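The values are calculated or read from the model by the stated rules, or taken from the named source; none is laboratory data. Predicted model, so just to flag it, every value in this text is computed and none were measured. Note: ideal-geometry Cβ built from the backbone for every residue, glycine included; neighbour counts use all protein chains shown. Heads up: the accessible areas ignore ligands, DNA and RNA and are worked out on the full protein's heavy atoms, side chains in. Shrake-Rupley method; radii C 1.70, N 1.55, O 1.52, S 1.80 Å.
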Amino acid sequence: MLKPSLLLLANLLWCSVASAQIFQRELGDFDLKLGTTPSRSMAQGLVKPSATGSFHGGLDLSHDSGFYVGQWSPSMGLSPGKTLEVDSYMGFKQPFDQTLGYEVGMIHYSYPRVQTPDSHELFGGLTLLGSRFGAAFSNDPDKQNSTLFADLGGNQPFGIGISMKYTTHQLNTPVSVDGGYVGSFTDWSLKLSRPFMGIDLDLIYSDSSLSGSDCSAYSGRNGQCDGLVTLKAERAFY
């Protein structure tokens, strides 16, 4: 059952950067990027949306050969209710030509200030005419996750970006609910994005296969078990 609510979020970004919220510099055969938006395409598609805080940023170092490493912090832990999260990643990206390419890599999620166990995620996918299609597999302490995602950046009708994500969660231990047990569930999200007068606007719909009392077993990527509509507005002040 859809329980829509609209949330308007304005985020103050934590570092001074150039236009497009990215500072870039060449260091010999390496390319260094510092910014307040994830610069790595496949890794950006897997950043946990529920963890993004008002203060966030990261760096990315890539080599001409296609190998890269980086760190991204979706939350610096400076806002009330947020904790420090550091996502470290490495991978390899290579284009076949100007329209087709591939990427594979791994992300390590860590939470230095709390007792939450670290987790890992393997990802890979194709880039076709500016759009990205990929899959990821992670082994969390309490469950295994399989994710399919698509970012249709190569085809934006009316300047609107479209991205989708679908995840299956397999619980290590079934959770007791009214009338039985929940051993697995799925969740998904659809995001529409468009810049407007210097503001990045996102309209996000998310939902899961659980409802009612079964939601007590929910622990997915989205912020809520039942259907949720979120309006997000973000502007960099520096």
task: Leaving out ligands and nucleic acids, note down the accessible area per residue over segment 105-145 with a 1.4 angstrom probe, in whole Å².
output: 53
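Rounded to the nearest 20 debye, what is the charge dipole size of segment 66-180 about its Cα centre when +1 sits on each Lys and Arg Cβ and -1 on each Asp and Glu Cβ?
Numbers: 6 positive and 10 negative charges, 34 e Å.
Result for segment 66-180 is approximately 160 debye, rounded to the nearest 20.
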query: Mean shadow of segment 131-232, computed from the convex hull of its alpha carbons, in nm²?
result: 7.3
